[in-house]
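Note sheet for the following structure.
Taken together, the values in this text are just the output of simple stated rules run on the coordinates, not laboratory data. All of these numbers come straight from a predicted model, not from anything done at the bench. Reconstructed Cβ throughout: ideal geometry from the backbone, glycine too, with neighbour counts over all protein chains shown.
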Ligand code: ADP
Ligand code: MG
């Protein structure tokens, strides 16, 4: 059973009222436990709406969203769904509640009504997982953006969700902060087998995922890529340069450089996504 399943989902903001916006429609995809999926798309393509639908913050008007088989529309599952899917948002400052870092991270498990020893164990584990243990008695306000976002991730981790959704969680960070967050997220997926849904407009970050879902105008770019429901692998997706551009997205920088070199007659192979792959391909030319 998939951990996340969207079955022909539609959602409209302000339905039937002034300011009605059909945000997503006909969206179907599923995510298996342990996957690292990137969700990309132009501004307003519906990514955040999908994120909010994933943990029951929004409920579908049409179709169904299931988390570990539980429909988000079924009120009796909402608590379990919120425990299963944790969401990290864009602005870390809006996600900080307490003035001491470890208290901030403890907020989620406290709300679950866990015993103090269990809360402490979870806070220590979560701060360790994001590499922020040394700061636990400090205040979040003096941290860099990357550090703050790692604390926000620890706060979600302390709830021990099986799925972590990051909604443009790196968008406000500098390259170093982005890199810190990416390392943490990748390690959570690889070492802790956590399911990760990374919503990003940085294609370099998307290229780190196992799979990519491209959204456009409230839908998934359906059946364009092999595999199911318009969901394809990294090489398939990035191999379709023109379609990526049409979706309002930029290829990762190494892919753009490789494309340019290819047009200039340099015989490079396709599917170059990372600095390492580009370097290797260039070295082979000699
Ligand atoms: P993305 O995250 O890809 O930028 P969103 O899911 O935020 O896209 O938005 C999808 C569409 O829904 C956009 O047209 C956006 O303007 C609209 N929208 C998003 N949030 C709201 C809201 N709270 N009220 C009304 N319209 C909204
Ligand atoms: Mg968004």
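Taking 19, 44, 271 as the candidate residues, the one with maximal mean-square fluctuation in a Gaussian network model of the chain, Cα springs under 10 Å, is 19. Taken over the chain, the convex hull of the Cα atoms encloses 146 Å³ per residue. Axis of helix 101-111 versus longest Cα principal axis of the chain: the two differ by about 70°, to the nearest ten degrees. With the helix formula -39500 (n - 2.57) applied to DSSP H stretches of n ≥ 4, the chain reaches a computed 222 nm mean residue ellipticity of -11000 deg cm²/dmol.
Largest GNM mean-square fluctuation among 236, 18, 110, using the chain with Cα springs under 10 Å: 18.
To the nearest ten degrees, helix 145-157 and the longest principal axis of the Cα atoms of the chain are 60 degrees apart.
Put a dot 7 Å past the Cα of residue 253, heading toward its Cβ, do the same for residue 98, and the two dots end up 3.8 nm apart.
Overall, the anisotropy analysis places region 98-203 in the oblate class: the square-rooted eigenvalues a ≥ b ≥ c of its C-alpha gyration tensor yield a/c not less than 1.5, with a/b not exceeding b/c.
Seen against the Cα atoms of the chain and their longest principal axis, helix 275-284 is set at about 30 degrees. As a ratio to 2.2 N^0.38 Å, the alpha-carbon radius of gyration computed for region 8-129 takes the value 1.24.
With Cα atoms as the point set, the radius of gyration and Dmax of region 65-127 evaluate to 13.8, 38 Å. Computed over the chain with a Gaussian network model linking Cα atoms closer than 10 Å, the most mobile of 35, 20, 250 is 20. This ranking places 30, 45 by how few other beta-carbon atoms lie within 10 Å of each, fewest first, which gives 30, 45.
DSSP assigns beta bridges within the chain; of those with both partners inside it, close to 50 percent run antiparallel.
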